[in-house]
Amino acid sequence: MDNYIVSARKYRPATFETVVGQASITQTLKNAIRNKQLAQAFLFTGPRGVGKTTCARILAKTINCQNLSPEIEACNECPSCKSFNESASFNIYELDAASNNSVDDIRSLVDQVRIPPQDGDYKVYIIDEVHMLSPGAFNAFLKTLEEPPPYAKFILATTEKHKIIPTILSRCQIYDFKRIYIPDIVSHLKYVAANEGVTYEDAALHIIAQKADGALRDALSIFDQIVSYAGKHLAYQKVIENLNVLDYSYFVKIIDYILDNNIPELLLTVNKIIDSGFDGQYFIMGLGEHLRNLMVCQNEASIKLLEVSKDVESLYLEQSKRCKTSFLLYALNILTDADINYKSAGNKRLHLELMLLKMTRSGYEAGQKKKELDRFEIDLDVPSLVAEASPVLKTPSNNPPSAPVAAKPAVDTSNVPNKPLSQKPEPPKEKPKQQPKVNRVGAIPGGGFNIRTLTTPEIEEKKPEEQLPDKATRFTQDQLEAAWTEMAEHFTEPIRINLTLKKNKPILGNDFKVDFHVDNKMLISDIESKMPEIRRFLFEKLENSKIEINLIEVFTANKKSDKPYTPSEKFEYLAQKNPEILKLHKAFSLKTDY
């Protein structure tokens, strides 16, 4: 039986010219050899399978070559090159630090360094996986690494540079190897396939390159595996069957079903993917990559960022014409939330299905409608409620109000019986013809109520913002902060807006542009609803109608706000203060959200 050699070893580069995807590093090393500026120690670091040990061997072989070519490549003819090719060189030593990581191993190496080379100019020590050395071994290696004999060269290789102590790093020239790009891997696979007599489809080689994740050694190993499975012809379908890859055709169908609002077929496709054994997280990642590719196709200048074959590229271009940029951003936002919450989801299948339903046209319209309804709010005080003897506003005519009703002036309540608010008022003798729909009622500080009312005319016709007189009086940062502080005192309700306006300071920019940082998206929506009143107030104080206010969300990873904003956060906050609330919540099956 012939001695079979895997492609990763058979086609391992033997010269700088044949190294794939690391042109900047190989050129630097060749220039150092040409100019005789070799450092005493090199550190090659980077991901697995990108050529670190290969370049170390080529460098060791080249600096000992007796007949260098004009391109600074080894001749493979001199005694030094022949002994290296036969793995019989006495000047080049390879040490595996994973199994030789003790102080005694390094002391033995230091003793060998004292002996000069018998043939050639340099003794080269290649230490692979150097991060596995113990702290004592590192310290024992320091002096020799810093001041070795002139004939000694050290080449250290590692995938985890952060585990090497700084004193070692400071004594080495560091070369960071990058992941190999997919086109470079595909090009090398074509070269190997041609030498092995294997025919292929371009899409099949692209799938192998993508699966390798930037490691050429992994790509060659997968190539050998597929050849053993499919024979001398690599078809795309055979590759995805063997590698259990979720085919891009699934994602194309899913996006088509979402755009067509075809919910039955969408759910059946998800069911087929799950029954095929694919993990939900893997499906989310694949769909995100597909949406990213569609986003890239929105502009001709960015199409080159697609790392797919020409046939698949044309398919992406065709589908991208059906997708608006706003839809892609909306879908990616939903996908990101689903990815974050997937691991904590109890019913993972339902989690995936809800994610896709939100992306459909009906899901998008429902989300937009809810967002629009949440913008209308009316604040009422207790005297008005008592005087009206009803928890909702009365309308004197058949026509409901077309805009939020301002709070009424104080009413004389001396004749009103002294009843607790929890007691129901007497029903009116005549039932009002029409009442606005009450969406939520909640207590607010000061004894009042915060009632959010909503009527059909308010939804259909939104009152346009009042046009301010054209003035552009200049003002300073101090004047802006003073006006802003006074304005914050004006907005006493809801309390979350008042606290936010007081907490953060506005920043004045050019052309009267004002940046204001907000802690979360919910507050941005609340402040935007108050923006006409804010602009009117600042105009009156600063006499400038050109002010533009930009709300900027600030993400704080390690800092949690002291004030709860959402109903769920409020419930958790109260439950921490009084655990008895949990019993009440459970006994009456209460909901913590509106």
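For the range 177-202, which positions are touching a residue at least 24 places away in the same chain (Cβ under 8 Å) and open to solvent by less than 20 Å² (accessible area, probe 1.4 Å)?
177, 180, 185, 189, 192, 193, 198
Provide a single number: the residues in the range 223-238 that are within 22 Å of residue 286 (Cβ to Cβ), open to solvent by 20 Å² or more (accessible area, probe 1.4 Å) and modelled with pLDDT of 90 or more.
Within the range 223-238, residues that are within 22 Å of residue 286 (Cβ to Cβ), open to solvent by 20 Å² or more (accessible area, probe 1.4 Å) and modelled with pLDDT of 90 or more number 1.
Search the range 239-249 for residues being in contact (Cβ under 8 Å) with a residue 24 or more places away in the chain and more than 23 Å from the chain's Cα centre (by Cα), and hand back the single one that is least open to solvent (accessible area, probe 1.4 Å).
239
Are there any pairs with C-beta distances below 6 angstrom linking a residue in the range 89-108 that is in contact (Cβ under 8 Å) with a residue 24 or more places away in the chain and assigned to a helix (DSSP H, G or I) to a residue that is surrounded by 15 or more Cβ atoms within 10 Å (Cβ to Cβ) and not β-branched (Val, Ile, Thr), with the two at least 6 apart or on different chains, and if so which?
Pairs found: 103/137; 103/140; 106/137; 106/140; 106/141.
Within the range 294-325, how many residues turn out to be in contact with an Asp or Glu (Cβ under 9 Å, 6 or more places away or on another chain) and free of Cβ contacts under 8 Å to residues at least 60 places away in the same chain?
3
Which of the residues belonging to the range 241-261 are over 18 Å from residue 328 (Cβ atoms), acidic (Asp, Glu) and in contact with a helix residue (DSSP H, G or I) (Cβ under 8 Å, 6 or more places away or on another chain)?
247
When you check residue 33 against the structure, is it over 30 Å from residue 213 (Cβ atoms), in a helix (DSSP H, G or I) and modelled with pLDDT of 90 or more, yes or no?
Yes: the conditions hold for residue 33.
With respect to the numbered conditions (1) closer than 29 Å to residue 476 by Cα; (2) modelled with pLDDT of 75 or more, which one is the sole condition not fulfilled by residue 520?
For residue 520, the failing item is (2).
Inside the range 1-54, can you point out the residues that are free of Cβ contacts under 8 Å to residues at least 12 places away in the same chain and open to solvent by less than 30 Å² (accessible area, probe 1.4 Å)?
32
Among all residue pairs at least 6 apart or on different chains, which show Cβ distances below 6 Å where the first residue, located in the range 146-172, is open to solvent by 60 Å² or more (accessible area, probe 1.4 Å) and the second is of a type in the set (Ser, Thr, Tyr)?
Taking only residues 6 or more apart or on different chains, the pairs are 161/45.
For the range 303-331, how many residues meet the condition of being at pLDDT below 85 and either open to solvent by less than 40 Å² (accessible area, probe 1.4 Å) or more than 24 Å from residue 260 (Cβ to Cβ) (or both)?
Of the residues in the range 303-331, 10 are at pLDDT below 85 and either open to solvent by less than 40 Å² (accessible area, probe 1.4 Å) or more than 24 Å from residue 260 (Cβ to Cβ) (or both).
Looking only at the range 89-111, count every residue that is open to solvent by 70 Å² or more (accessible area, probe 1.4 Å) and more than 47 Å from the chain's Cα centre (by Cα) and tell me the total.
Number of matching residues: 2.
Quick one: count up the residues across the range 474-501 that are open to solvent by 60 Å² or more (accessible area, probe 1.4 Å), at pLDDT 75 or above and part of a loop (DSSP other than H, G, I, E, B).
2
For the range 67-88, enumerate the residues that are in a loop (DSSP other than H, G, I, E, B), touching a residue at least 24 places away in the same chain (Cβ under 8 Å) and surrounded by 14 or more Cβ atoms within 10 Å (Cβ to Cβ).
Scanning the range 67-88 gives 68, 72, 73, 74, 76.
If I ask for residues that are over 20 Å from residue 320 (Cα atoms) and of a type in the set (S, T, N, Q), which ones from the range 253-288 would you list?
Those that are over 20 Å from residue 320 (Cα atoms) and of a type in the set (S, T, N, Q): 269, 271, 276, 281.
If you take the residues of the range 554-580 that are modelled with pLDDT of 75 or more and touching a His at 6+ places or on another chain (Cβ under 9 Å), which of them is nearest to residue 474 (Cα to Cα)?
So the residue we want is 571.
The values are calculated or read from the model by the stated rules, or taken from the named source; none is laboratory data. Predicted, not measured: the structure shown is a model, and the values here were computed from it. Note that each Cβ is placed from the backbone with ideal geometry, even for glycine, and that neighbours are counted across all protein chains shown. Calculation scope for accessible area: heavy atoms of the full protein, side chains included, ligands and nucleic acids excluded. Shrake-Rupley method; radii C 1.70, N 1.55, O 1.52, S 1.80 Å.
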